[in-house]
Amino acid sequence: MNIKGADVIAKKYATRGGAAAQDYSAGVAAPRVPWAAATAAAVSTYASGVQQSIANGSFVKGVTAAGDAKWSRKATTVGAARYGPGVQAAQQDYASGVAPYLQVLSSLQLPPRGPKGDPGNVQRVNAIAQALRAKKLGG
């Protein structure tokens with residue numbers, strides 16, 4: 001049997017994948033099933049897969065297989081180039097996500113601040129932590 005080499009197959013993968021951006025966009029624009037509905041319906045499959053992955057040690061196996069060199073190479077090349085544009089593209093999502101927590105903080109009535117080092121100041125921190133946690137868990 002004549003099997004092509006990994007370099008030939010990888011080149012084809014990169015060439016064809018790189019040319020598929022329009023297909024990707026079209027698929028996102030008109031999915032067969034809405035993403036959120038399909039994802040929510042798969043919750044039991046997700047949970048089973050995560051549990052199986054934990055049982056198999058898949059996470060640490062993947063980390064070990066990739067190693068620091070791959071992580072560093074990808075983070076400094078691909079990740080660094082995408083970081084700024086990704087953050088800029090997320091500006092409105094960030095604002096929407098942080099706004100409810102800023103509202104919680106702005107409406108807090110904190111205990112009075114004591115002198116530097118006063119153990120009572122920890123009550124202020126605790127009030128903030130409890131309020132933010134309640135917001136997160138409550139929606």
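Per-structure values
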| read-out | value |
| --- | --- |
| Residue of 82, 32, 16 that the Gaussian network model of the chain assigns the largest fluctuation, springs spanning Cα pairs under 10 Å | 16 |
| Dipole of segment 1-126, positive end: most advanced residue of 14, 29, 114 [Cβ charges, Cα centre] | 14 |
| Rounded Å value of the spacing that divides the Cα centres of segment 58-94 and segment 102-136 | 34 Å |
| Anchor residue 11: lysines whose Cα lies under 27 Å away (excluding residues fewer than 8 positions away in-chain) | 61, 70, 74 |
| Additional length obtainable on full extension of the chain from residue 52 to residue 6, 0.36 nm per residue less Cα span | 13.6 nm |
| Dipole of segment 1-101 [Lys/Arg +1, Asp/Glu -1 at C-beta], most positive-end residue of 72, 48, 92 | 72 |
| Shape box of segment 8-92 [Cα atoms, principal axes, largest first, Å] | 38, 37, 34 |
| Rg followed by Dmax, in Å, when segment 74-132 is reduced to its Cα trace | 18.2, 49 |
| Net charge dipole size for the chain [Lys, Arg +1 and Asp, Glu -1 on Cβ; Debye, nearest 20] | 200 debye |
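No lab work stands behind these numbers, since they all come straight from the coordinates. Because the structure is predicted, anything quoted here is derived from the model rather than measured. Backbone-built Cβ (ideal geometry, glycine too); neighbour counts: all protein chains shown.
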